[in-house]
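Worksheet for the structure shown next.
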Amino acid sequence: MSCQEVEVLIVGAGQAGVAMSEHLSERGIPHIVLERHRIAERWRSMRWDSLVANGPAWHDRFPGLQFTDIEPGSFPSKEQVADYFVAYAEKIGAPIRCGVEVKSVRRNVGAPGFHVQTSDGEYNARYVVAATGPFQRPVIPAVVPETDGLMQMHSSSYRNPGQLPQGAVLVVGAGSSGVQIAAEIQRSGRQVYLSVGPHDRPPRNYRGRDFCWWLGVLGKWDASTPALGAEHVTIAVSGAQGGHTVDFRALAENGIKLVGRTMELQDGTMRFADDLRTNIANGDAHYLDLLDEADAYVERNGLDLPEEPEARFLRPDPESLTNPIRELDLAGAGVTSIVWATGFAVDYSWLQVDAFDAKGKPLQQRGVSTEPGVYFLGLPWQSRRGSSFIWGVWHDAKYVADQITIQRSYLTHNEQDALVASGAV
C-alpha cells in the first residue's frame, strides 16, 4: 500500500479534532482527521444513559452553530452533543476518516515531518495534532483486588443502575460524574455510600444567571494556571434534571451516606480518610466566595439582578458529617458493587516522539510541544481554565492553527530562497 502525503494529520474527531479542522480549513491548510471509531464517539459510548452536559446549550457550543433541538438554557443529552459535532463536521466539510486507528507516529529520519502507521495504511505528515483529549484511559486505583467478589466498574463503563447486582453501592469520587451517578443509583432504591474528596462546588444558578455566565464575567474561565494543588480538585456541578446546585447535605438527607476519601481495603473492611468535614467545608467556602464575588460584581456594575439571600442557606450537618464513618465492613453493609468515578489518564503510546516527561505527560505550552511539528489539543488547563470545555477547545484550536500557519510561512520563505539561489525564479 502506498504512503499517502498530507500536510497536517489530526488524530481524533471529538470536539478538539473538529475544532482543529475548522481553523485549518479557514486558513486553507490541507489536512485530514483520523478517527478510530465515530465522530464524538466518547460522548456516545463512554457516558451513562442519562448524562446531560454540565453547561447550558447557549454556552457549551462552538461559535458557528447553535443547538437546534433544545432551548438555549437547557442541558443537551449526550446523544444531542454527539449529534451536534456530527452536524458541525458536516457544516464545515471536515475531511474526517472514521474507522481508522493511528498505531504509531515517528519522526522521519533525513526528511521533514512524521511517518504515521494506521489501520488503513501509512501516511507522511508535515505536522501532527494529537486531538484525543484528556479522557483516554480510565483510572481505577489499586485498592480492591479483582478477586474480592465485588463488582467494580469505572464511571465510563456505567450506564444505569440495572447493570449493578442487588445490594448497596459505593461510589468513589464526588465530582460531577460521581455525584450524578450516586444520586441516580439512590433513586433506584439502593443504599449508596459516596466517597467525597476535595472539590469546588459552584452554584448552578445565582441571581438569575447560570454559573457559566458568572465564571465568564468574573474572568475565571480565563485563569491561566490553577492555584497550587487545585489541578487535582474536581468541580461538582450538575445539569441533570434541569440543572441544580450540588448540595452534599441534601444528598445525605435523601439517604446517601457520605464518607471521606477511599484509602484501603483490609480483610473486607474499607477505610476512609478523616477528611470529609474538611472537604465539605472547603467546598462550602468556595461556593460562598463565588456568591460574594457575584454580589460585588452586581453592585459594581449597577446591574438589576434579583437578590437571592436564600442561596446562602446551608442545611444542617447530616449524621455522616457529625459522626463520620471511618471504616465500613462492605459485606456487613451489603455493598456488592463499587463505581469508580476517579477520572482518566492520558495514553499517548502511539505518539513515539520526544514530547513527554517521565510520567508520560505532554511537554507543551498552549498546545505547542517540545517536539517541533507536534501539537496537542483538548488538554485540561492547556491555556486556561476553560480549555477542556467545548467552547474552550475551539479557542485553543485557533491558537494552534495560528502556530502551524507561522511555521508554514517560515518553510515557504526557506523554499522561496532556495528557488532564488538556484535561479529558478
Separation in nanometres of the label points that stand 7 Å from Cα toward Cβ, at Gln352 and Gln407: 2.0 nm
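If you stretched the chain out fully between Gln117 and Lys359, how much longer would it get, using 0.36 nm times the residue separation minus the C-alpha to C-alpha distance? Before the final figure, lay out the partial values.
Numbers: separation 242, 0.36 × 242 = 87.12 nm, distance 2.43 nm.
Working it through step by step, the gained length comes to 84.7 nm.
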Percent RCO, i.e. relative contact order, over the range 56-127, from Cα pairs under 8 Å lying at least 6 residues apart: 18 percent
Candidates Gly162, Gly173, Gly17: whichever shows maximal mean-square fluctuation once the chain is modelled as a Gaussian network with Cα springs under 10 Å: Gly162
Calculated [θ] (222 nm, deg cm²/dmol) that DSSP helices of n ≥ 4 give over the chain, each run adding -39,500 (n - 2.57): -9000 deg cm²/dmol
Exposed-site-free run, longest, the chain (rule: GluC sites (Glu not before Pro); DSSP loop; at most 14 other C-beta within 10 Å): 102-306
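Using Cα-Cα distances under 8 Å and only pairs 6 or more residues apart, what relative contact order does the chain have, in percent?
On the way: 810 pairs, mean separation 90.5, N = 425.
Reported as a whole number, the value is 21 percent.
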Shape box of the range 144-210 [Cα atoms, principal axes, largest first, Å]: 50, 25, 20
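Suppose R0 equals 56 Å; then what is the FRET efficiency for Glu26 and Glu308 from their Cβ-Cβ distance, rounded to the nearest 0.05? Before the final figure, lay out the partial values.
On the way: r = 42 Å, r/R0 = 0.75.
Rounded to the nearest 0.05, the efficiency is 0.85.
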For the range 289-384: rounded, prolate or oblate by the Cα gyration tensor [a/c cutoff 1.5]: oblate
For the chain, with +1 on Lys and Arg beta carbons and -1 on Asp and Glu, the positive-most of Ser388, Ser337, Gly373 along the dipole: Gly373
0 to 90° range, to nearest 10: angle between helix 15-26 axis and the chain longest Cα axis: 30 degrees
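Given a cut-off of under 8 Å on Cα pairs at least six residues apart, what relative contact order in percent is computed for the range 70-195? Provide the component values of the computation, followed by the final result.
Numbers: 100 pairs, mean separation 15.1, N = 126.
About 12 percent, as a whole number.
Residues with beta-carbon under 12 Å from that of Gln403, excluding Gln403: net charge, scoring Lys, Arg +1 and Asp, Glu -1? Mind dumping the intermediate values first?
Values: positive: Arg27, Arg366, Lys398, Arg408; negative: Asp396, Asp402.
In short, +2.
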Max mean-square fluctuation residue, GNM over the chain, Cα-Cα springs under 10 Å, options Met153, Met263, Met46: Met263
Set of the range 22-44 residues, backbone N closer than 18 Å to the point 7 Å along the Cα-Cβ line of Gln136: 33-38, 40-43
Partner aspartates and glutamates for Lys398 [C-alpha distance under 16 Å; skip if fewer than 8 residues away on the same chain]: Glu22, Glu26, Asp222
Dipole magnitude (debye, nearest 20) for the chain, charges at Cβ of Lys, Arg, Asp, Glu: 520 debye
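Values quoted throughout were computed directly from the atomic coordinates according to the rules given, and no laboratory measurement underlies them. The shown structure was predicted, so the numbers you read here are calculated from the model rather than taken from an experiment. Positions of Cβ are backbone-derived with ideal geometry, glycine not excepted, and every protein chain shown enters the neighbour counts.
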